[in-house]
Amino acid sequence: MPAHHFKKFRFNYEMTGAGETALILIHGLGGSNRQWRYQKEFFSPKCQVVTPDLFEHGASEKGIDPVHVLRLDAGAIIELIENVIKKPCFIVGHSLAGLILGEILRTGSSLLRGAVFVDCAYQKFEDILAAREKFARSMLALDDNTLRIEAEKWYRGLIGPAPAVDEELILNDFLGYNLRQIFLPVLHCREFNKYYPPEEIPISDSLPILILEADGGVGGDFRRSWVNHFKTADYYLFEHAKHFFFVTHQNQFNAILARFLNSEK
């Protein structure tokens with residue numbers, strides 16, 4: 001896999017397919033570019049598909065300041081768009097990658113044609129920040145063996161009923177990571193907001209936004225939704241679904257995403 005270096009940090013990515021438009025798929029907390037396998041298979045005959053490994057994940061750089069790591073992810077992706085991809089692109093982010101999408105939109109790129117938030121929590125409100133901090137503290141207070149056990153239970157709970165092949169696709173990388181480092185950006189969510197206030201992310205009438213949520217995920221609590229910020233965004237709620245519905249409901253997800261991409265070209 002090729003690597004881009006941003007501020008001397010290795011930023012790994014995979015690029016498949018070809019076409020006049022690029023589709024950038026950004027995994028969430030504890031994931032890797034592998035989790036987008038079904039989307040790579042579906043979209044690569046139609047466009048260029050780019051799947052990075054975020055810092056602290058996959059083959060990308062580890063040990064980065066947890067307060068600013070998501071902003072550095074955004075900077076690396078923008079440089080990738082401007083210096084490597086060099087074509088109009090749509091960008092999709094899952095879970096914690098919603099914060100990265102927000103920073104990409106804050107910085108901007110003339111090549112960006114649309115953004116898709118996939119079960120991403122909008123961490124503006126006090127109760128949401130407090131819940132994230134409490135969760136991260138509870139995980140980080142555990143000894144290493146217990147942390148691994150409890151983290152796996154938590155991550156499996158985000159998947160819901162799924163074939164073994166899909167569970168492996170989602171879980172494999174997560175269980176191999178330094179879980180303490182993975183949870184640190186969640187613990188520092190309040191500090192992240194101080195540096196990068198979510199309410200200041202620009203809203204543009206000319207940039208289409210699609211928000212996809214699961215009723216068993218972010219969509220179960222409207223206050224966590226990015227609809228609170230992008231009030232005119234296109235929206236779709238996956239019913240009887242959990243956080244990783246882009247894997248477990250791949251056909252439905254791919255069809256909705258394809259319609260969005262085709263309508264905005």
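The values are calculated or read from the model by the stated rules, or taken from the named source; none is laboratory data. This one's a predicted model, so the numbers in the text were calculated from it and none came from an experiment. Cβ sites come from the backbone with ideal geometry, for glycine too, and all protein chains shown count toward neighbours.
So the values come out like this:
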item: Close pairs (8 angstrom Cβ cut-off, 6 or more residues apart or separate chains): buried (at least 22 other Cβ atoms within 10 Å of the Cβ) in the range 238-250, part of a loop (DSSP other than H, G, I, E, B) and polar (S, T, N, Q) anywhere; result: 243/95
item: Failed condition for residue 141, given (1) in contact (Cβ under 8 Å) with a residue 12 or more places away in the chain; (2) surrounded by fewer than 20 Cβ atoms within 10 Å (Cβ to Cβ); (3) among the aliphatic types (A, V, I, L, M); (4) over 25 Å from residue 260 (Cα atoms); result: (1)
item: Answer from 80, 105, 70 - the residue that is in contact with a Phe, Trp or Tyr (Cβ under 8 Å, 6 or more places away or on another chain), closer than 18 Å to residue 202 by Cα and of a type in the set (A, V, I, L, M); result: 70
item: Every residue from the range 35-80 that is part of a helix (DSSP H, G or I) and either closer than 15 Å to residue 99 by Cα or under 13 Å from the mean Cα position of the chain (by Cα) (or both); result: 35, 36, 69, 70, 71, 72, 73, 74, 75, 76, 77, 78
item: Given (1) without any contact (Cβ under 8 Å) to a residue 40 or more places away in the chain; (2) farther than 24 Å from residue 136 by Cβ; (3) outside any loop (DSSP other than H, G, I, E, B), index of the condition residue 10 fails; result: (1)
item: The range 99-135 - residue that is small (Gly, Ala, Ser) and under 13 Å from residue 193 (Cβ atoms) and, of those, surrounded by the fewest Cβ atoms within 10 Å (Cβ to Cβ); result: 130
item: Looking only at the range 3-42, and only at residues there that are farther than 20 Å from residue 119 by Cα and of a type in the set (Phe, Trp, Tyr), the one that is modelled with the lowest pLDDT; result: 6
item: Cβ pairs under 7 Å, 6+ apart, first in the range 162-175 and within 22 Å of residue 59 (Cα to Cα), second hydroxyl-bearing (Ser, Thr, Tyr) and crowded, with 18+ Cβ neighbours inside 10 Å; result: 166/248; 171/155; 173/32; 174/155
item: Subset of the range 220-240 [in a loop (DSSP other than H, G, I, E, B) and either on the phi > 0 side of the Ramachandran plot or in contact with a Leu (Cβ under 9 Å, 6 or more places away or on another chain) (or both)]; result: 233, 240
